[in-house]
1. For LYS144, indicate whether it is of a type in the set (D, E, K, R) and within 16 Å of the ligand (Cβ to nearest atom).
2. What number of residues in the range 1-16 are exposed (fewer than 10 other Cβ atoms within 10 Å of the Cβ) and within 27 Å of SER141 (Cβ to Cβ)?
3. Could you check the range 85-111 and list, in sequence order, the residues that are surrounded by fewer than 18 Cβ atoms within 10 Å (Cβ to Cβ) and in a strand (DSSP E or B)?
4. In the range 61-73, what count of residues is obtained for those that are touching a residue at least 24 places away in the same chain (Cβ under 8 Å) and buried (at least 16 other Cβ atoms within 10 Å of the Cβ)?
5. If I filter the range 217-252 down to residues being farther than 16 Å from LYS192 by Cα and open to solvent by 40 Å² or more (accessible area, probe 1.4 Å), which single residue comes out as farthest from the ligand (Cβ to nearest atom)?
6. How about the range 156-173: which of its residues are more than 14 Å from the ligand (Cβ to nearest atom), in a loop (DSSP other than H, G, I, E, B) and touching a residue at least 24 places away in the same chain (Cβ under 8 Å)?
7. Out of curiosity, is ALA82 in contact with a His (Cβ under 7 Å, 6 or more places away or on another chain) and in contact (Cβ under 8 Å) with a residue 12 or more places away in the chain?
8. Might you let me know whether the range 131-154 holds any residue that is open to solvent by 40 Å² or more (accessible area, probe 1.4 Å), in a loop (DSSP other than H, G, I, E, B), over 23 Å from ASP44 (Cβ atoms) and not aliphatic (A, V, I, L, M)?
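The values are calculated or read from the model by the stated rules, or taken from the named source; none is laboratory data. Please read these numbers as outputs of a predicted model, since none were measured by experiment. Reconstructed Cβ throughout: ideal geometry from the backbone, glycine too, with neighbour counts over all protein chains shown. Side chains are part of the model used for accessible areas, which takes the heavy atoms of the whole protein and leaves out ligands, DNA and RNA. Shrake-Rupley method; radii C 1.70, N 1.55, O 1.52, S 1.80 Å.
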Amino acid sequence: MSEEVGYLSAARYGKDLVRVCRVTREGNTHHVVEYTARVLLEGDIETSYTKADNSVVVATDTVKNTVYILSKTSPHVHNPPAFALHIALHFTTTYPHISKCFVDLISHKWSRIQVGGKAHGWAFERDGEEKGVIEACADKSSGKTTGYVKVGLKDLLVLKTTGSSFTNFHRDQYTTLQEVDDRLFSTSVDLKYDVALPPSVPLTIENIGKINQHVDFQNVFQKTRKATLEVFATDESASVQATMYKTAQRVLRESPSIKSVTYAYPNKHYM
Ligand SMILES: O=c1[nH]c(=O)c2[nH]c(=O)[nH]c2[nH]1
């Protein structure tokens with residue numbers, strides 16, 4: 001064998017693009033969720049890289065199967081942040097040598113079809129490109145389990161046809177842009193916020209329901225989405241930057257369980 005050079009400084013592995021669809025039937029009212037999941041693991045796995053020791057490897061195929069099984073058995077499957085947390089805690093509690101688990105979920109949109117003004121019980125439509133995005137992490141590397149949950153959305157396309165200007169910006173020899181006091185404003189909303197998990201509730205699978213009672217993941221998400229759209233619509237926008245900041249201010253004011261929020265508003269230009 002050739003002489004070793006360097007060393008393994010960090011390692012993380014897992015499975016991406018795990019697709020699941022779960023239906024729950026309550027009489028004639030059915031509930032559906034569809035996710036694309038990525039699950040990454042860290043822990044005492046160095047020897048799988050340095051000594052070709054596969055005994056420490058939870059196979060990525062097993063990771064995929066586990067996501068399928070939890071989609072069937074988890075009481076949290078219809079609540080994306082709680083479900084992501086369940087997956088993360090499953091891996092750190094099941095395998096002594098797995099110390100961290102990172103879960104990313106993309107939640108695909110299924111909205112009830114309206115028939116005669118009423119939401120149908122079991123027929124759904126994909127109404128738009130918007131997707132929910134969720135990140136959860138469980139980390140027992142310090143001895144005590146800690147973690148985080150981040151929630152947001154992406155690909156929500158919005159447009160307003162007035163109520164937006166862009167003037168008084170810096171001008172120099174490189175500037176050609178004209179000032180405008182009335183323009184179209186369009187962007188693809190990308191937002192993510194960090195949820196403050198209740199410090200008094202230990203992070204365990206059994207406590208996920210209790211954690212949800214404290215932070216009300218679904219309600220906070222709906223409030224944040226609504227605030228984002230309403231500020232976009234009603235703000236007399238001086239710039240994309242100023243509108244984003246106002247939006248973030250309202251979101252933080254309305255939801256004390258949000259620690260921080262990040263927006264990306266790529267300017268979709270219309271002439
Ligand atoms: O709201 C805006 N912010 C900018 O920073 C910018 N730059 C630009 O060319 N147009 C705009 N619009």
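1. No: the conditions fail for LYS144.
2. Adding up the residues that qualify gives 5.
3. Result: HIS108, SER111.
4. 5
5. Step by step, filter the range 217-252, then rank; the result is GLU230.
6. none
7. Considered against the rule, which asks whether it is in contact with a His (Cβ under 7 Å, 6 or more places away or on another chain) and in contact (Cβ under 8 Å) with a residue 12 or more places away in the chain, ALA82 comes out as yes.
8. So far as the range 131-154 goes, no, none of its residues is open to solvent by 40 Å² or more (accessible area, probe 1.4 Å), in a loop (DSSP other than H, G, I, E, B), over 23 Å from ASP44 (Cβ atoms) and not aliphatic (A, V, I, L, M).
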